[in-house]
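These notes are about the structure you will find just below.
Each reported figure results from applying straightforward, stated rules to the coordinates on display, with no laboratory input. Model, not experiment: these values are computed from the prediction. Note: ideal-geometry Cβ built from the backbone for every residue, glycine included; neighbour counts use all protein chains shown.
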Amino acid sequence: MSNWTFCVFKNYIIVKSPLRNCQINFFCAKPKSIFSAFCLALFLFPFQFTLSAQNTSNDELYQSSEFTLPNSFTHGVEGPAVDKSGNVYAVNFDHQGTIGKVTPSGEASIFIELPEGSIGNGIRFDSKGDMLIADYKMHNVLKVDMMTKNISVYMHEPRMTQPNDLAIDSKDRVYASDPNFKENSGRIWRVNKNRMALLLDSIDGTANGIELSPDENILYVGAGRKIFRYSLSKKGQVKNKKLLIEFPDYSTDGMRCDAEGNLYVARIGKGVIAKISPSGKLLREIQLTGKKPTNVAFGGEGGRTVYVTLMDRGNLESFRAESPGKEWKTKN
C-alpha cells in the first residue's frame, strides 16, 4: 500500500488508488476518529485492488507504447532479443555496427561495438546464455560471451548472400534466413554445433523472418507477403513445405512464437504486428505508432511483454500479450 495516498481534510479522510481504470478511485467517510477511518480504508483495500486488477488486465493488452526514445537507434534497428535478466538487446544503437542494451525500465546504452565492417541483424541467445548475431555484411554469425563481451566468429559462410534473421532450437542448432533482395529469392540454412552451415532449401521471395514452433516440429519462414511452414525432423531436416498465410499487401519481416504456438509477425509498411494461429488464421493486428516494424521479441513480467523494433522511428515500442513467448517459457 506504499503507493496509496491518504489525505485528511477536516473530518473527512480520502483514500486514492494509484491504479488506472479503477471503478472505485476514491471514497470519503466521516468517521468519529481518524483511527476508525484508517481501519475502514484497510478493510476496503483488497476489494478495491481486486476491482482495479480486473479492469486493467484486459484494458492494457495489445496497447503499444514507446519503450525507447525515437531516434535512439538508427533506421537499421533490428533483431530484438531478451536475456534472463529482462534486458532487451537490438542492433545499431546510436550508430551502425553496435549492439544496444535497454534495461527493463527503458534506459538504453551501447553494449558492444562489432568488429570493423560487421553490421548485425537478427539476435538470439543460446542455451548457455551467449548471444548469437547475424552479421549480414561479413557473411557471419557472431558469438558474444555475455560476461566478458568477447566477440568471436561462430560461423563464416561465403556462400550466404546475407544472413538475416536467426532461430535456435533446444540443441543449439541455428536456423538462418538468407535473402537476396536483388533477385527476389532466398535460402534457408542450418548451422550445426560443429559450426558448419548446411543449405536446407531455396525459396521464391526474399526469405526474412524465421521461427520454430514450441514443439520444434515446424519451421516458419517469411518471404515477402507469404509465410511458409516446413515439417522439421529431429535431425533438423525440412520437408512438406506449405503456405501458412498470404497477405494481400505489405511484406512480412521478423517473427516470434508465443508459448501457445501463435506467431507474432512484423508487417513492415503497415505498422502492425499480426498475430497468427498455428493453422494460419489471422487472429488480430496490433496497431503501432511506427509504420515500419522490423522484428519482435518476448520478455518483461511473465514473459508477456512484446518488444518491437521500428525502422522509421529508430526506436522500440512494447505491448502486453496474453501468453508468454516460447523462448521465455522454456528458459524461465
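Restricting to DSSP loop positions (anything but H, G, I, E, B) with no more than 13 other Cβ atoms inside 10 Å of their own Cβ, which trypsin sites (Lys or Arg not before Pro) remain in region 256-314?
Working: sites: Arg256, Arg267, Lys270, Lys275, Lys281, Arg284, Lys291, Arg304, Arg313; in loops: Lys270, Lys281, Lys291, Arg304, Arg313.
Taking region 256-314 and a limit of 13 other Cβ atoms within 10 Å, the loop trypsin sites (Lys or Arg not before Pro) found are Lys281.
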Reachable lysines from Lys331, criterion Cα separation under 24 angstrom, eight or more residues apart if same chain: Lys84, Lys101, Lys128, Lys143, Lys149, Lys171, Lys193, Lys234, Lys235, Lys275
How would region 67-331 be classified by its alpha-carbon gyration tensor: rounded, prolate or oblate, with rounded meaning a/c under 1.5 and the a/b versus b/c comparison settling the rest? rounded
Could you name the aspartates and glutamates whose alpha carbon sits less than 15 Å from that of Lys291, not counting residues in the same chain fewer than 8 places away? Glu66, Glu78, Asp249, Asp253, Asp312, Glu317
Taking Lys326 as the anchor, which aspartates and glutamates have their alpha carbon closer than 12 Å to its alpha carbon, excluding any fewer than eight residues away along the same chain? Asp169, Glu211, Asp215, Glu216, Asp258, Glu260
